[in-house]
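The values are calculated or read from the model by the stated rules, or taken from the named source; none is laboratory data. Worth saying up front: this structure is predicted, and the values here are computed from it rather than measured. Here the Cβ is made from the backbone with ideal geometry for all residues, glycine too, and neighbour counts use every protein chain on show.
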Amino acid sequence: MVALITGSLLLSLLHAIIPNHWLPVLAIGRKEKWSLAEITNVTLISGLAHVASTLLIGWGLAFFGWELSRKFETITKFFAPVVLISIGLIFIYRHHVHKHFHVADQPHQNSKRQMIFSLSLAMFFSPCLEIEAFFLAAGTESIAWAFILSAIYFTVTIAGMLTWVKVAYHSANKFNWHKLEHNAGIITGGTLIATGLISFFIH
């Protein structure tokens, strides 16, 4: 579980930094001349929507892993690491064609309330699928570990999004966000593979 906790923490940090989590809010906010406080509030709302859908899927997988471990304890010791490694390889393979969350993809509305709703809806239907493998693996250990993963993911993701949107508010043009976003698949895949390998050998 040390490997799972460390891996989930790294992924949560990575995805809090990735621009597609908060850059659309910043871009629309600047265009609409929102204050930093307004942009921060909208980032929080859309971030909560994103976290909510991720945790809904994650808990479904955690319960599946828990039920699986009760029936096939020996199999699950190898099942979770294999899932982590497999998903990691998939992310590395397809990182160059990964579809990102772009501002241009979102409908432009005149009403601020409609903009917030559109952003939140888009974020809700763009859950962090990479972290879901960790919930499945945690479920094979105990439901308590799924609670811990949830707390880590929620805290790091929301805090990270709010922090980075404030940093980028004044210095968005100084960073190569596209390069970071493009390479996120490789970093994510490597983290998943490393976690899977460590979990396998610890068992």
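Please list, ordered by residue number, the helices (runs of 4 or more DSSP H) wholly in the stretch 86-203 having 3 or more residues that are surrounded by fewer than 20 Cβ atoms within 10 Å (Cβ to Cβ) and at pLDDT 85 or above. Please lay out each step first, then the result.
Numbers: elements: 112-124, 132-139, 143-171, 177-202.
Helices (runs of 4 or more DSSP H) meeting the threshold: 112-124, 143-171.
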- Out of all the residues in the stretch 56-65, is one or more modelled with pLDDT of 80 or more, within 18 Å of LEU119 (Cα to Cα) and buried (at least 19 other Cβ atoms within 10 Å of the Cβ)? no
- Given the conditions (1) closer than 15 Å to LEU149 by Cα; (2) touching an Asp or Glu at 6+ places or on another chain (Cβ under 7 Å); (3) surrounded by 21 or more Cβ atoms within 10 Å (Cβ to Cβ), every one holds for PRO19 apart from (1)
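Go through the stretch 22-50 and report how many residues are at pLDDT 90 or above, buried (at least 18 other Cβ atoms within 10 Å of the Cβ) and within 15 Å of the chain's Cα centre (by Cα). Write out each step before concluding.
Kept after step one, since they are at pLDDT 90 or above, are these residues of the stretch 22-50: 35-50.
In the following step, the residues that additionally are buried (at least 18 other Cβ atoms within 10 Å of the Cβ) were identified as 39-40, 42-43, 46-47, 49-50.
Next, from what is left, pick out any that are within 15 Å of the chain's Cα centre (by Cα): 43, 46-47, 49-50.
Looking only at that region, the number is 5.
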